[in-house]
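Below is one structure, written out as structure tokens; the observations come after it.
Nothing in this text is a laboratory measurement; each read-out follows from the coordinates by a stated rule. Quick caveat, the model's predicted, so the values are computed rather than measured. Quick reminder, even Gly has a Cβ in these numbers, built from the backbone with ideal geometry, and neighbours come from all protein chains shown.
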């Protein structure tokens with residue numbers, strides 16, 4: 001349990017930031033799920049559009065410190081490869 005005023009304030013700040021980061025992470029996961037569903041359905045147009053939105057949101061999460069840059073790049077790269085494979 002926090003004793004000092006500054007420690008109590010830090011706890012409140014951490015709780016707020018945790019809630020924001022959790023919302024960002026959830027939003028990204030939802031968008032990635034939409035891409036996965038479009039890939040499974042073999043819908044090239046929907047998959048590429050969903051990938052565009054997911055990529056934008058993922059990189060925004062990277063800039064906010066939710067994900068590491070390389071993790072986001074790896075996920076986007078793998079999804080892009082799978083979306084391109086639908087067209088072939």
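A Gaussian network model of the chain, with springs between Cα atoms under 10 Å, assigns the largest mean-square fluctuation among 35, 20, 66 to 20. With each label modelled as a point 7 angstrom along the Cα→C-beta vector, the residue 17-residue 41 pair spans 3.9 nm. Each residue, residue 10 and residue 70, gets one label point 7 Å from its Cα in the Cβ direction; the gap between the two is 2.9 nm. Helix 44-63 and the long axis of the chain differ in direction by around 20°, with both axes built from C-alpha atoms. Over region 26-88, Cα pairs under 8 Å with separation of 6+ residues give a relative contact order of 36 percent. Go ahead and collect, in residue order, the members of region 12-47 whose backbone nitrogen is under 18 Å from a label point 7 Å along the Cα-Cβ direction of residue 60. Counting backbone N atoms under 18 Å from the label point, the list is 17-35.
The alpha carbons of the chain occupy a box of 62, 21, 17 Å along the principal axes, longest dimension given first. A crude spin-label estimate for the pair residue 77 and residue 1, with each label 7 Å from Cα along the Cβ direction, gives 5.0 nm.
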